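The block underneath contains the structure these notes are about, expressed in structure tokens.
All of the numbers you see were taken from the coordinates with simple rules; none came from a lab. Note that this is a predicted model, so its numbers are computed, not measured. Note that we place each Cβ from the backbone using ideal geometry, even for glycine, and neighbour counts take in every protein chain shown.
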Amino acid sequence: MKESNSKKKKEFKELNSEEVKTLAEKELDEYFMFLAIEESKKANKVDSAFSVGAILILKNEKTILTRGFSREIKEINMGNTHAEECCFIKFKSMKEFEILKEKELAIFSTMEPCGKRLSGNKSCSEIILQYNVKRVVIGLREPDNFIKQTEGYDLLCANNIIVDYLDGFEDLCMESNSHLKKKI
Ligand SMILES: [Zn+2]
């Protein structure tokens, strides 16, 4: 891991919306990734899935819409919800959803959105494609613990979504998954 990111993480604190606007492009990306990492820590650790955090933002306004983490929303018949999925469930229930859904969105996730789910539920990449998401920023490609050939990255790219891998965040994004590390 880049030493600087580890140090920055220790000094990380949440900013108000005015302070966020003063950040340069690269700092903003890192800021939202740090927030996603914070979300990932809230997930219940299980042996059968990763703990992921995600932040959904308005791409151009740089404002946060929703946050989500793995298994956060428990609804009957939904199975285990994923971080990105939780972001969109919350987004859909926002009062301003009808207006906001027309705007360009970006989502930050500690891990590559899944392209396939063992449960048969819609994958996060498929969910992302249902919305006006233009950019996906990830801290980590999906390790092959559960799905041997991940497809999320390719599916998103094939649909003209910019997928940016943020360099130097892998270890921080894996921290919430240290109990799975033996397999990774
Ligand atoms: Zn997923």
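In whole Hz, with x marking every Gly and Pro, tabulate ³J(HN,Hα) for region 114-120 from phi via Karplus 6.51 cos²θ - 1.76 cosθ + 1.60, θ = phi - 60°.
Taking θ as phi minus 60°, the curve returns 5, x, 8, 10, 4, 6, x Hz for region 114-120.
State the antiparallel share, in %, of DSSP beta bridges confined to the chain, rounding to the nearest 5.
Counting only bridges with both partners in the chain, antiparallel ones make up about 55 percent.
Based on other C-beta atoms within 10 Å, arrange Tyr131, Tyr31 from fewest to most.
Taking fewest neighbouring Cβ atoms as first place, the list is Tyr131, Tyr31.
Find the relative contact order for the chain and round it to a whole percent, using C-alpha pairs within less than 8 Å whose residues are 6+ positions apart.
Over the chain, the number comes to 21 percent.
Out of residues 5 or more away from Val137 or on other chains, whose amide H comes under 5 Å of its own, with H placed 1.01 Å from N in the peptide plane?
Those qualifying (amide H under 5 Å, at least 5 residues apart or on another chain) are Ile107, Phe108, Ser109, Asp164.
Based on the mean of other beta carbon atoms within 10 Å per residue, what is the order of 95-102, 132-139, most packed first?
Result, highest mean Cβ count within 10 Å first: 132-139, 95-102.
Given a 10 angstrom Cα cut-off, can you work out which residue in Glu19, Glu30, Glu39 is the most mobile in a GNM of the chain?
Glu19
Can you pull the Kirkwood radius for region 47-140, inverse mean 1/r over Cα pairs, to one decimal in Å?
One over the average 1/r among Cα pairs gives 13.3 Å for region 47-140.
Dividing the Cα convex hull volume of region 1-98 by residue count, how many Å³ per residue is that?
Each residue corresponds to 118 Å³ of Cα convex hull volume.
Using a simple charge model, +1 on the beta-carbon of Lys and Arg, -1 on the beta-carbon of Asp and Glu, nothing else, what dipole does the chain show about its Cα centre, in debye to the nearest 20?
In total the dipole reaches around 480 debye.
Straight-line reach only, C-alpha to C-alpha below 23 angstrom: list the lysines that Lys148 could link to, leaving out same-chain residues fewer than 8 apart.
Hits, sequence-local ones excluded: Lys45, Lys116, Lys122, Lys181, Lys182, Lys183.
On each of the three principal axes of the Cα atoms of the chain, give max minus min coordinate, whole Å, ordered largest first.
Over the chain, Cα extents along the principal axes are 42, 41, 31 Å.
Apply the Karplus curve 6.51 cos²θ - 1.76 cosθ + 1.60, θ = phi - 60°, to the phi angles in region 165-173 and return the couplings in whole Hz, x for Gly and Pro.
With coefficients 6.51, -1.76 and 1.60, one gets 8, 8, 5, x, 10, 3, 5, 5, 6 Hz.
Farthest toward the dipole's positive end in the chain, which of Cys86, Ser125, Leu58, given Cβ charges of +1 (Lys, Arg) and -1 (Asp, Glu) about the Cα centre?
Of the options given, the answer is Cys86.
Can you give me the span-like helices of the chain, meaning DSSP H runs with 18 Å or more of Cα extent along the axis and Kyte-Doolittle mean at or above -0.5?
Answer set is 25-40.
Taking all pairs of distinct Cα atoms, average 1/r, flip it, and tell me the Kirkwood hydrodynamic radius of region 1-46 in Å to one decimal place.
About 11.7 Å for region 1-46.
With the chain treated as a Gaussian network of Cα nodes joined by springs under 10 Å, which of Leu172, Leu129, Leu105 yields the largest mean-square fluctuation?
Result for the chain, Cα springs under 10 Å: Leu129 fluctuates most.
Taking the chain as a Gaussian network, Cα atoms linked when under 10 Å apart, which of Asp144, Asp154, Asp164 shows the biggest mean-square fluctuation?
Sorting by GNM fluctuation, first place goes to Asp144.
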